[in-house]
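Beneath this line is the structure, given in structure tokens, with notes to follow.
Read the figures in this text as sums done on the coordinates, not as results from a lab. Please read all numbers here as calculations on a predicted model, not as lab measurements. Because the Cβ atoms are built from the backbone with ideal geometry, glycine has one as well, and the counts that use them run over all protein chains shown.
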Amino acid sequence: MKKTFLFYGFGAEYVLHPIYEELIKKGETCIEIDALTIKNSRSMIKKLVGEPVVLVTSAHLLLDQKSFTDYYPTDSKFYSVMEIISLINPLKSVFFPHDLTEPFIEYEDQYLNQLDLFLSPGEPFSTIYSQYVKTEEVGWIKYRSNQTPTYAKLTAKSGRAIWFLSDFILYLTMGMEKSYEVLAPILTQGVSVKLPLWQGSNEFEDYFTAKGVRMYPAVMNAVELIQQHDIILTNGLSSIIAESYYSGKTTVNITERSHYGNKMSVLKKNFPDLIFYENIVDFKLPEVPEKSRKPTLKPFDMDKAISFIIN
Amino acid sequence: MENHQSLMQKAFKKFVRPFYNLLSSKLFHDLRIQEIHDLLLQINHRVFTVEEELERLKTIQSAGNLMLSGMDTFENPLYQKYPAASLEIYDIAEVLRGRKIEQADIVGFFDRIPVDLKGKTVVVIGGGDNLYAHAAARKGPSKVTRIEATSHLSEKNKNGNVEFVYPLDLSKMSHPHFDIVLMPCASWTTLLAPRAFAGLGAYTNQIMILSARVSAHTTFTSSPEPAITDNNGRIAFNDNYLRKQLHLHGFVEVACIYTDGEHIDNMFDQKVSKFNQLKGFYIVSKNTKYIKDPQYNHTQSVGKTYIAYKLPSKNYIS
């Protein structure tokens with residue numbers, strides 16, 4: 001019986017679409033589930049019970065309906081990765097991280113032995129997690145070396161800075177007008193903005209554009225945008241921090257309104273050159289010190305990754 | 001004039017200098033005495049502290065020896081003097097001593113665990129006897145390994161399928177991955193539960209089954225206290241604490257399957273363990289009336305057998 005490849009993830013945390021496309025091109029049977037877009041993915045999963053399935057996921061292993069909706073209210077019905085593994089007993093389960101700053105959140109490493117393969121973006125993660133699960137290094141999935149820039153590189157200093165706004169749910173709850181009011185001290189300095197691909201991000205893009213902010217579409221590849229800018233603004237705990245840092249860029253983190261749990265010390269330890277601003281109003285673009293480093297981010301090896309998934 | 005000076009000098013030498021010498025000598029003497037006295041005080045204080053520490057260590061050693069020899073009645077005043085240390089030693093001693101297991105206990109343990117061992121790799125931790133491993137082997141696993149306690153610190157021995165390790169060094173061992181972990185001895189659970197289960201969660205592929213002493217009256221409360229001391233002076237866990245430890249160290253679902261002679265087969269117990277990882281722990285706060293109940297007895301404990309699953313059990317995925 002022919003194998004079905006199930007690609008599974010949540011909204012902006014689903015990073016597997018390029019691999020899905022490649023497998024479709026190769027004539028494989030694939031199902032793609034973004035559990036936030038599909039209203040009831042449970043029924044789709046249940047149909048796979050008893051079928052030969054290879055599960056490929058970038059979702060948090062334990063993010064089930066209840067724990068997710070506690071943070072992000074949604075009408076979608078879905079299973080956690082652990083529930084899917086338990087239900088369909090896949091032939092193979094493969095995990096890609098969607099967050100380079102924190103590939104696994106607290107306690108997830110205890111569950112890694114439920115997977116068959118961890119496709120690591122690189123060190124130090126390969127060494128750390130290989131003790132729990134078979135690990136292969138394939139580079140960072142969001143960094144494609146053959147990508148061509150979709151726009152010309154900007155030169156003016158104000159155009160060289162971009163804010164990848166994270167913790168978007170906070171601003172979504174706050175509303176567009178209030179959010180602009182809060183963020184204006186930075187946005188009015190000519191800093192471009194890219195929002196995460198999330199429900200409601202389109203409306204924010206339109207509103208901020210009308211206010212004169214240079215917005216990049218949420219669908220754009222973040223790593224590509226990082227490569228095209230010199231100063232990268234982040235907030236909260238975001239994969240962008242590591243992507244920018246390992247790309248050798250001057251990286252700023254705005255701590256106001258963001259939540260870090262107990263991870264602030266980890267950030268400071270892992271990214272010693274990360275520049276923190278406690279308040280939005282403290283940020284002055286011309287005064288940001290340049291702290292660039294040698295880039296170490298490895299581009300994604302699609303062929304290698306696909307061979308690990310298929311074979 | 002010269003005669004006058006000479007007379008004054010003579011008078012000074014004769015009458016003043018001795019007095020001065022006596023006075024200064026007395027003064028220095030007193031000062032030194034004071035200094036020495038201070039030093040002695042300090043030394044005495046330190047000796048006293050060292051003596052006190054030595055006495056404490058001797059007491060703990062005596063308590064340990066008593067327990068190791070099997071005379072572990074908690075009536076001994078030593079236990080009351082240093083309860084925390086004594087309880088710690090008690091648990092280490094318990095796992096080291098490996099009390100004799102009755103055949104009925106072993107049969108009962110395997111009767112009540114609803115787990116198919118066929119073709120699985122199984123590790124039996126503690127029990128102090130090969131009988132658990134024999135009983136497990138009869139259930140058709142592909143491999144049975146035993147881990148037993150040795151009193152020699154950091155000593156790691158292997159004898160056939162048995163690995164000997166000092167209990168608190170278990171986390172330092174490099175493990176293979178096991179499908180099923182059996183921990184039939186409650187003292188091992190008492191030792192390992194507060195110590196991240198010695199990292200066994202990451203090496204358990206499917207299920208951990210363990211026996212534990214649990215407070216009889218805190219079953220479904222979210223009391224922050226991890227443990228009580230029961231009326232035998234032993235550590236007994238708060239049920240919720242034990243579940244939380246299991247959740248934290250890699251088990252999605254935890255169910256109590258057996259309590260002091262009674263099988264547990266109800267949905268309520270399953271609900272208590274329904275796991276909510278990212279937000280923390282969703283523990284049903286029920287039966288909290290005990291707090292106001294004058295009859296509440298802090299010192300009752302019961303033996304329970306828990307089954308902790310790595311994956312959600314399919315029956316409860318809605």
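How well do other chains shield peptide A:102-115, expressed as the mean number of their Cβ atoms within 10 Å of each residue Cβ?
The shielding value for this peptide is 4.
With Kirkwood's inverse mean 1/r over C-alpha pairs for Rh, give me the Rg to Rh ratio of chain A, two decimals please.
0.96
I need the peptides B:107-117, A:132-142 ranked by packing, meaning the mean over residues of other C-beta atoms within 10 angstrom, with the highest value on top.
A:132-142, B:107-117
What number, rounded to the nearest 500 deg cm²/dmol, is the helix-based mean residue ellipticity at 222 nm of chain A, given -39500 (n - 2.57) per DSSP H run of at least four residues and division by all its residues?
-8000 deg cm²/dmol
What percent of all Cα-Cα pairs in segment A:83-231 falls in each 10 Å bin, counting up from 0?
9, 30, 27, 22, 11, 0
Could you check which residue among A:Lys268, A:Lys249, A:Lys26 shows the biggest mean-square fluctuation in a GNM of chain A with a 10 Å Cα cutoff?
Comparing A:Lys268, A:Lys249, A:Lys26 in the GNM, the peak value goes to A:Lys26.
Between the DSSP loop rule and a limit of at most 12 other Cβ atoms within 10 Å, which trypsin sites (Lys or Arg not before Pro) in segment A:45-92 are left?
Here the sparse-neighbourhood loop sites are A:Lys47.
Quickly work out the B:Phe48-to-B:Asn315 label distance, labels modelled 7 Å from Cα along the C-beta direction, and quote it in nm with one decimal.
6.4 nm
Could you tally the net charge around A:Tyr171, taking each other residue with its Cβ under 15 Å from the Cβ of A:Tyr171, Lys/Arg +1 and Asp/Glu -1?
-3
I need to check one value: relative contact order of segment A:4-137, counting alpha carbon pairs closer than 8 Å and at least 6 residues apart, in percent.
Once normalised by length, the contact order is 23 percent.
Taking the Cβ of B:His45 as the centre, find all other residues whose Cβ is under 15 Å away and add up their charges (Lys, Arg: +1; Asp, Glu: -1).
-3
What are the equivalent ellipsoid semi-axes of segment A:4-137, built from the alpha-carbon gyration tensor (square roots of five times its eigenvalues), in whole angstrom, biggest first?
The three semi-axes for segment A:4-137 are 22, 18, 14 Å.
Take every residue in peptide B:246-259, count the Cβ atoms of other chains within 10 Å of its Cβ, and give the average of those counts.
Mean shielding count: 2.
Which net charge results when you count Lys and Arg as +1 and Asp and Glu as -1 among the other residues whose beta-carbon is under 14 Å from that of A:Trp198?
-4
Which GluC sites (Glu not before Pro) in segment A:205-259 sit in a loop by DSSP (not H, G, I, E or B) and have at most 16 other Cβ atoms within 10 Å of their own Cβ?
Hits after loop and neighbour filter: A:Glu256.
Got the relative contact order for chain A handy, in percent, Cα pairs under 8 Å and 6 or more residues apart?
Relative contact order for chain A comes out at 16 percent.
So who's got an amide H within less than 5 Å of the one on A:Leu36, skipping anything under 5 residues away but keeping other chains? H placed 1.01 Å off N, in plane.
When sequence neighbours closer than 5 places are left aside, the close amide H contacts are A:Gly11.
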